[in-house]
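Enquirer: If you scroll down you'll find the structure; I have some questions about it.
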Amino acid sequence: MKDTADLRAVVTGANSGVGRSAAELLAAAGASVVMVCRSEQRGRAALEEVSKQSPDPRVRLEVADLSSLGSLRELASRLAGLGSVDVLVNNAGVYRARREMTEDGFEMTMGVNHLGHFALTHLLMEQLTEAGGRVISVSSDGHRSGDLKRAPLDDILTGRIPFKGLQAYADSKLANVLFAFELSRRMGRAGLTAAALHPGVLATRIWNQNLNPLSLMMRVFKPFMKRPSTGGKAVCRLAFGSEAADVDGRYFHVEEESKAVDQAYDQELAEKLWNESARLTGMTVMAA
């Protein structure tokens, strides 16, 4: 891995929570950081704060919506001039208590948390492999409740099954881990490193997105949760603080390696998810 002063990093969901913390720590270490945010207003406020934390900030804002393939293609086009990408932090995430659909016809939770990041990673793949980069997928221990075998995979990804918010979230977090492991298997020979992690139960904005009982309860407990900086530090350790061999194809609970749920190691399921995700998003399937 390069010296941090030479790193180019892209962080999604960088206006708050783990993404904001990771962007701040990467910038403070001297890296060039692209903060990808859905809201320009919140993104600009976060950019200003992150820039203050670095004596020589090389930070820029890119506005893009992870729920829109068109927006992601436009983002990738703008990032083409960035050159090689050393670190991609797939962090942006949503939890929805009620079914919502993306403009491309995906269930919103899966559309943002998995399919959007699957597409963005593919769109930046040439820049990532050029750098021998690292892709860090922010998952959750909630993936342990995921089950991508309970119905046809296409129906789960597109929301054509009875909807439960927590199940959809767990499914998307399981997809994050499966994607990280399959990315490692497929692209490891090209020098790419991929890993997934649970950043901890943190006081982040994801619990502000709904008014359902779970979100309201989590807001009550937010003062007792760990700060997002816990997750930001864990992301940065995987991004540049550890050797590739100690990171690649692994799942971490904050900063400790952990065993993911059994379904996460099902290579047949991982390949099926990869191929179905590529078909839905229009990305080129890369050979295993």
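Enquirer: At 24 angstrom or more along the helix axis (alpha-carbon based) and mean Kyte-Doolittle of -1.0 or higher, what helices does the chain contain? Whole DSSP H runs only.
Expert: 165-187
Enquirer: How about region 229-288: which trypsin sites (Lys or Arg not before Pro) there are in a DSSP loop, with at most 10 other Cβ atoms within 10 Å of their Cβ?
Expert: Loop-located and lightly packed - 259.
Enquirer: Between residue 151 and residue 257, what is the FRET efficiency for a Förster distance of 41 Å, r being their Cβ-Cβ separation, to the nearest 0.05?
Expert: 0.85
Enquirer: Still on this structure: Aspartates and glutamates near residue 259 by alpha-carbon distance under 15 Å, same-chain residues fewer than 8 away left out - which ones?
Expert: 141, 246, 248
Enquirer: Note down the relative contact order for region 4-281 as a percent, whole number, built from C-alpha pairs under 8 angstrom at least six residues apart.
Expert: Relative contact order of region 4-281: 19 percent.
Enquirer: Rank the residues 136, 161, 156 as a footprinting-exposure proxy: fewest other Cβ atoms within 10 Å of their Cβ go first.
Expert: In increasing order of surrounding Cβ atoms, one gets 161, 156, 136.
Enquirer: Residues with amide H under 5 Å of residue 250's amide H, sequence separation 5 or more or different chain, H placed in the peptide plane at 1.01 Å from N; which?
Expert: 196
Enquirer: Does the chain come out rounded, prolate or oblate, given a ≥ b ≥ c as the square roots of the eigenvalues of its C-alpha gyration tensor, rounded meaning a/c under 1.5 and, failing that, prolate meaning a/b above b/c?
Expert: It is rounded, given that a/c, with a ≥ b ≥ c, falls under 1.5.
Enquirer: Among 276, 243, 130, rank each residue by its count of other Cβ atoms within 10 Å, from fewest to most, as a rough exposure measure.
Expert: Final ranking by Cβ density, sparse to dense: 243, 130, 276.
Every read-out reported here was derived from the displayed coordinates using simple, explicitly stated rules and does not represent laboratory data. Bear in mind the structure is a predicted one, so any value in this text is a computation, not a measurement. Reconstructed Cβ throughout: ideal geometry from the backbone, glycine too, with neighbour counts over all protein chains shown.
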